[in-house]
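Novice: This is the structure I have questions about; it appears just below.
Just so you know, all these numbers are worked out from the coordinates, no wet-lab data involved. Quick caveat: nothing in here was measured; it's all calculated off a predicted structure. Note that we place each Cβ from the backbone using ideal geometry, even for glycine, and neighbour counts take in every protein chain shown.
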Amino acid sequence: MEMKIDPRTRYTQQIITTAFWQLLQQKPMEKITVKEICALAQINRGTFYRYFRDCYDLVEQLEEQALQQLEKILVSTQDRGVQAVLLPMLQKLYNDEDLLTILARKSPDDDFLHRVVERCFRYMDLRLDTDIHSKTIDGWRGMQNTFLFAGAAGVMEYWLRSGRKLSPEQVAAAITALCAEAASVEPPICSI
């Protein structure tokens with residue numbers, strides 16, 4: 001059973017989030033302080049600390065909210081293939097300056113973007129031909145999937161941080177083609 005949040009609590013958390021979001025558009029995440037958030041939100045530090053331990057806790061909660069939003073988008077794409085999963089998410093990152101996009105672009109490390117891609121991979125149908133690969137070297141499929149995951153994350157990171165110059169359709173097609181190519185590679189003859 002989901003607990004209802006008091007409207008005043010929801011409002012206070014929203015003004016804190018809005019202040020953080022405004023600051024995030026001006027400077028890197030790691031340079032934002034609780035003092036700045038409180039000044040912009042016109043609240044005292046005690047109010048901030050009632051809801052968040054520190055700025056990192058605020059970011060973690062916002063990231064989780066963004067991932068839940070993404071999850072809602074991805075549910076309808078399950079088992080429809082790489083491009084069907086990637087395209088709605090890439091379109092959202094391309095068209096919206098919402099929390100997901102800002103966090104993905106401005107995160108000081110790649111952790112959040114990797115979590116976004118990991119969520120996408122849960123919904124992709126990347127099943128390899130089990131008849132061919134089941135009789136091959138143990139671990140080959142795991143290595144292929146790790147390679148596909150890292151490659152897709154790298155392409156998305158490049159696209160986001162280079163200004164999203166290509167369309168979401170072009171990026172989804174590129175990732176799909178690269179995944180198909182990598183998935184078709186046979187395991188090496190020598191043992192791994």
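Novice: Please go through the stretch 1-76 and write out the GluC sites (Glu not before Pro) that DSSP classes as loop and that have at most 11 other C-beta atoms within 10 Å. Write out the running numbers ahead of the final one.
Specialist: Working: sites: E2, E30, E36, E60, E63, E64, E71; in loops: E2.
In loop regions of the stretch 1-76 (DSSP not H, G, I, E or B), the sparsely surrounded GluC sites (Glu not before Pro) are E2.
Novice: Using 1/(1 + (r/R0)^6) with R0 = 22 angstrom and r between the beta carbons of S162 and A39, what's the FRET efficiency to the nearest 0.05?
Specialist: About 0.10, to the nearest 0.05.
Novice: To continue, here is another question. Can you figure out the FRET efficiency of E118 with T47, using R₀ = 22 Å and their beta-carbon distance, to the nearest 0.05? Provide the component values of the computation, followed by the final result.
Specialist: Numbers: r = 34 Å, r/R0 = 1.54.
After rounding, the FRET efficiency stands at 0.05.
Novice: Taking a ≥ b ≥ c as the square roots of the Cα gyration tensor eigenvalues, with a/c under 1.5 meaning rounded and otherwise prolate when a/b beats b/c, else oblate, which class fits the stretch 138-182? Intermediate results must be reported in sequence, preceding the final value.
Specialist: Numbers: a/c = 5.06, a/b = 2.08, b/c = 2.44.
Oblate, since a/c reaches 1.5 and b/c is not below a/b.
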